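Worksheet for the structure shown next.
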Amino acid sequence: MATFEETEQDFNRLPDLPAEVFTAPLKKPDHVGDDWLEPQQTQYDSDDDAIWNDLFERQMGVLPGRAASAFMAGLQKLNLNRGGVPEFGKLSEDLTALTGWSVVPVPMLIPDHVFFWHLANRRFPAGNFIRTRETFDYIQEPDVFHDVFGHVPMLTDPVYADYMQEYGRAGWKAMRHNRLKALGSLYWYTVEFGLIEEKDGIKAYGAGILSGPTEVVYAIEAESPNRIMLNVDRVMRTDYVISDLQPTYFVIESFEDLYRQTVERDFDKLYRNLGPGFTYANTAVIDVDYVVNRGTLEYTLRGGRGSGAKPV
Ligand SMILES: [Fe+2]
């Protein structure tokens, strides 16, 4: 049996997780195998398709001028506006032709080592369900709208597509060092809540921003949040907020730069230097930061979500 360390070089096989490697305990549904993939995509009905269409239309009211040009181009290339929840077979066919990625259905959040394995093999796991009218505005568990509308268009960008694969390859190493939180922070501040500098201003490319109506406007225009140029070491030491608008966003100058920073960093060395917790609060601005906008933090200081504070 290969050791966990050896499997870091061989992404064809899924490793057995050694007992000393920490991962969140998730109960595997009986109908999925070790790969956690659903045997088939859910057959969505017309109500489900109408929810997709309404969510799509709402986002299109706020995204132009605020979403990264790579994201808007990806929506076009994949024809995600053809109506209803996309069929993963057709979607994967189009995506594979562009960057070699495919989209695969999963029942729920999946274990970290399985998630990393799929990414390392250019498979993007997407929720096999859609939110209801009751949870139209906010759901905690990522559904097919968040996963497909939010994440998949970016996978049409060749450099970003390579970055996501590298992220998956980096995963098992973080688990071996028990530093998943640090690598998770990098995912959070790039893949979910990343901003990019474009010629005509800062735009959003993170799926957590792009799949909801409020944070798109807040992340780009509000005075509250800090906007800081991304440095991988700094980001991996920074705490983040899961269920509210972010107090701080990190801005990349290009996907090439993000890719380079990630592949060139010796993560073994970094993990050996990192403590188990985070060094910086999610509101912190530190002296080595290249600050694009220093935020007022008004929204966060007033109490954020649930306090009635305006996302200004
Ligand atoms: Fe996501």
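The values are calculated or read from the model by the stated rules, or taken from the named source; none is laboratory data. This is a predicted model, so every value here is computed, not measured. Methodologically, a virtual Cβ is constructed for each residue, glycine included, from the backbone with ideal geometry; neighbour enumeration extends over all protein chains shown. All accessible areas refer to the heavy atoms of the entire protein, side chains included, with ligands and DNA or RNA removed. Shrake-Rupley method; radii C 1.70, N 1.55, O 1.52, S 1.80 Å.
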Single unsatisfied condition, Gln261 versus (1) out of contact with any Phe, Trp or Tyr (no Cβ under 6 Å at 6 or more places or on another chain); (2) surrounded by 17 or more Cβ atoms within 10 Å (Cβ to Cβ); (3) in a loop (DSSP other than H, G, I, E, B): (3)
Residue match in the range 27-49 (condition: out of contact with any Phe, Trp or Tyr (no Cβ under 9 Å at 6 or more places or on another chain) and closer than 30 Å to Asp200 by Cα): no
Criterion: more than 19 Å from Tyr290 (Cβ to Cβ), modelled with pLDDT of 95 or more and open to solvent by less than 10 Å² (accessible area, probe 1.4 Å) - qualifying residue of Pro225, Pro153, Pro247: Pro153
Subset of the range 112-129 that is in contact with a Gly (Cβ under 6 Å, 6 or more places away or on another chain) and more than 16 Å from the ligand (Cβ to nearest atom) - its residue that is farthest from Leu55 (Cα to Cα): Ala120
Condition check for Met108: farther than 17 Å from Leu17 by Cβ and open to solvent by 40 Å² or more (accessible area, probe 1.4 Å): yes
Of the criteria (1) under 12 Å from the mean Cα position of the chain (by Cα); (2) away from the ligand (no atom under 15 Å from the Cβ), which one Asp162 fails: (1)
Members of the range 130-144 found to be crowded, with 21+ Cβ neighbours inside 10 Å, away from the ligand (no atom under 11 Å from the Cβ) and not β-branched (Val, Ile, Thr), listed by number: Arg131
Residue in the range 280-290 that is among the β-branched types (Val, Ile, Thr), open to solvent by less than 60 Å² (accessible area, probe 1.4 Å) and over 21 Å from the mean Cα position of the chain (by Cα) present: yes
Condition met for Pro276 (touching a Leu at 6+ places or on another chain (Cβ under 7 Å), part of a loop (DSSP other than H, G, I, E, B) and open to solvent by 50 Å² or more (accessible area, probe 1.4 Å)): no
Single condition Ile209 does not satisfy, out of (1) more than 16 Å from the ligand (Cβ to nearest atom); (2) buried (at least 21 other Cβ atoms within 10 Å of the Cβ): (1)
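Residue-by-condition table, conditions (1) surrounded by fewer than 17 Cβ atoms within 10 Å (Cβ to Cβ); (2) assigned to a loop (DSSP other than H, G, I, E, B); (3) modelled with pLDDT under 95:
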{"residue": "Ala24", "(1), (2), (3)": "yes, yes, yes"}
{"residue": "Gln43", "(1), (2), (3)": "yes, yes, no"}
{"residue": "Met60", "(1), (2), (3)": "yes, no, no"}
{"residue": "Gln76", "(1), (2), (3)": "yes, no, no"}
{"residue": "Glu93", "(1), (2), (3)": "yes, no, no"}
{"residue": "Val104", "(1), (2), (3)": "no, no, no"}
Only one of Tyr218, Tyr240 that is in contact (Cβ under 8 Å) with a residue 24 or more places away in the chain and open to solvent by 50 Å² or more (accessible area, probe 1.4 Å): Tyr240
Extreme residue, farthest from the ligand (Cβ to nearest atom), among residues of the range 184-206 that are touching a residue at least 60 places away in the same chain (Cβ under 8 Å), among the hydrophobic types (A, V, I, L, M, F, W, C) and surrounded by 21 or more Cβ atoms within 10 Å (Cβ to Cβ): Ile196
